[in-house]
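Taking it in order: structure first as structure tokens, then the write-up.
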Amino acid sequence: KYESTFVFTNDFAALLPDAPDARPSDHPLFQLEAERGACRVICFSPRHDLTLPEMAVADIRKVVDLWAAQVEELGQTHRWVQVFENKGAVMGCSNPHPHGQIWAGSALPNEPAKEERQQRAYFEAHGTPLLLDYVEQEMARAERIVVENADWVALVPYWAVWPFELLLLPRHRHIPRLPDLTDPERDALAEIIQRLLIKYDNLFETAFPYSMGWHGAPFPDQTLGVSAAISVDASGLEKKPQGSWMHWLLHAHFYPPLLRSATVKKFLVGYEMLAEAQRDLTAEQAADRLRTLPEVHYRGRG
């Protein structure tokens with residue numbers, strides 16, 4: 001029994017701390033390496049009938065705090081900590097109780113590794129974080145912005161593949177990881193999460209499915225014995241983080257599959273699987289549809 005946000009070890013963990021070493025390969029084309037880690041489940045609320053958009057902002061703030069605490073704890077012993085949520089059966093969610101997951105691993109996975117390379121290369125070329133420059137440009141154009149507040153902005157990214165894909169980023173400050181958020185930034189994050197997810201649900205008046213997750217600076221390779229500490233000043237880039245992650249900016253990806261209705265989803269098959277993705281509507285069209293939706297949940301309208 002629990003009365004608030006609650007985290008526990010996954011009984012069917014995909015990553016284990018004591019995974020055995022891989023056997024040596026007899027050919028360079030067949031390479032294996034053991035991945036060790038931990039898998040945890042985070043229940044957002046003791047109520048089985050509440051998803052994040054229907055929770056109070058104060059209760060979403062508890063989820064934000066637990067995300068940050070778990071990243072801080074697991075980052076002491078793991079290279080990468082992945083906070084994510086799969087919402088809806090169409091996204092493979094096997095338990096209807098609203099929950100997310102936290103996986104921590106000993107290596108940097110493929111998708112974060114791509115972001116690491118691109119952000120580092122941009123920072124070395126321009127001297128500023130790629131995503132901070134990107135946010136500045138998007139704020140100036142405004143055509144892909146869905147919701148914003150004093151500290152955060154949610155937008156349909158210029159490169160979006162999924163019809164109503166969203167990117168959630170800090171507006172002003174250089175924030176490498178979730179634990180680096182200030183109290184006001186955490187409050188603002190809880191508020192904007194509720195707003196953007198209400199818009200998702202209101203789009204087709206359904207519990208809108210998606211996969212979402214946070215990307216922040218990786219932690220140092222523990223095998224190298226490097227300190228994981230990063231110091232971030234609330235003033236932003238004037239006092240830059242100490243360490244090698246100045247090119248990273250915390251952000252969340254939201255990947256929803258629905259296209260035209262509560263039952264019609266986008267399929268990434270054929271040409272999109274074998275060649276390149278095609279958009280069914282432009283990022284600007286998707287942002288406009290989401291932006292104009294009400295911010296009162298359809299189930300709560302009088």
_Checklist (1) outside any loop (DSSP other than H, G, I, E, B); (2) over 15 Å from the mean Cα position of the chain (by Cα) applied to Leu131, failing item_ = (2)
*Can you name the residue in segment 92-126 that is more than 17 Å from the chain's Cα centre (by Cα) and charged (D, E, K, R) and is also farthest from Gln70 (Cα to Cα) among such residues?*
Glu124
*asked:* Can you find a residue that is in a strand (DSSP E or B), of a type in the set (Val, Ile, Thr) and modelled with pLDDT under 95 anywhere in segment 5-21?
replied: yes
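Output the residue which, of all residues in segment 134-159 that are part of a loop (DSSP other than H, G, I, E, B) and in contact with a strand residue (DSSP E or B) (Cβ under 8 Å, 6 or more places away or on another chain), is surrounded by the most Cβ atoms within 10 Å (Cβ to Cβ).
Looking at the filtered set, the residue picked out is Val156.
Any chance segment 172-189 includes a residue that's of a type outside the set (Asp, Glu) and in a strand (DSSP E or B)? Steps first, please.
Step one: of segment 172-189, the residues of a type outside the set (Asp, Glu) are 172-179, 181-182, 184, 186, 188-189.
Checking the rest, the ones that are also in a strand (DSSP E or B) come to none.
Within segment 172-189 (the criterion being of a type outside the set (Asp, Glu) and in a strand (DSSP E or B)), the answer is no, since none of the residues qualifies.
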_In segment 49-89, the residues that are in contact with a strand residue (DSSP E or B) (Cβ under 6 Å, 6 or more places away or on another chain), among the β-branched types (Val, Ile, Thr) and outside any helix (DSSP H, G or I)_ = Val81, Val83
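With modelled with pLDDT of 95 or more, under 24 Å from Lys265 (Cα atoms) and not charged (D, E, K, R) as the only criterion, which of Leu166, Leu178 stands out? Please lay out each step first, then the result.
Working: Leu178 fails: under 24 Å from Lys265 (Cα atoms).
That would be Leu166, the only listed residue that is modelled with pLDDT of 95 or more, under 24 Å from Lys265 (Cα atoms) and not charged (D, E, K, R).
Does segment 86-98 contain at least one residue that is more than 30 Å from Pro46 (Cβ to Cβ) and modelled with pLDDT under 95? Even if it seems obvious, please write down each step before you answer.
Step one: of segment 86-98, the residues more than 30 Å from Pro46 (Cβ to Cβ) are none.
Within segment 86-98, none of the residues are more than 30 Å from Pro46 (Cβ to Cβ) and modelled with pLDDT under 95.
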*asked:* So in segment 166-203, with the set limited to residues that are of a type in the set (S, T, N, Q) and over 24 Å from Trp245 (Cβ atoms), which one is surrounded by the fewest Cβ atoms within 10 Å (Cβ to Cβ)?
replied: Asn202
*Report whether or not Arg47 is among the basic types (Lys, Arg) and over 16 Å from Gln194 (Cα atoms).*
yes
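Just need a number here: residues in segment 202-218 that are assigned to a loop (DSSP other than H, G, I, E, B) and either over 15 Å from Ala252 (Cβ atoms) or in contact with a Ser or Thr (Cβ under 7 Å, 6 or more places away or on another chain) (or both).
Here the count works out to 6.
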*In segment 204-220, which residues are farther than 14 Å from Glu85 by Cβ and either among the basic types (Lys, Arg) or surrounded by fewer than 20 Cβ atoms within 10 Å (Cβ to Cβ) (or both)?*
Phe204, Glu205, Thr206, Pro220
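Yes/no per residue for (1) small (Gly, Ala, Ser); (2) under 16 Å from Ala190 (Cβ atoms); (3) over 19 Å from the mean Cα position of the chain (by Cα):
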site	(1), (2), (3)
Pro24	no, no, yes
Arg40	no, no, no
Ala56	yes, yes, yes
Glu85	no, yes, no
Val90	no, no, no
*With respect to the numbered conditions (1) within 22 Å of Gly88 (Cβ to Cβ); (2) surrounded by fewer than 12 Cβ atoms within 10 Å (Cβ to Cβ); (3) of a type outside the set (A, V, I, L, M, F, W, C), which one is the sole condition not fulfilled by Pro257?*
(2)
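The values are calculated or read from the model by the stated rules, or taken from the named source; none is laboratory data. Computed from a predicted structure; not experimentally measured. Virtual Cβ from ideal backbone geometry, glycine too; neighbours counted across all protein chains shown.
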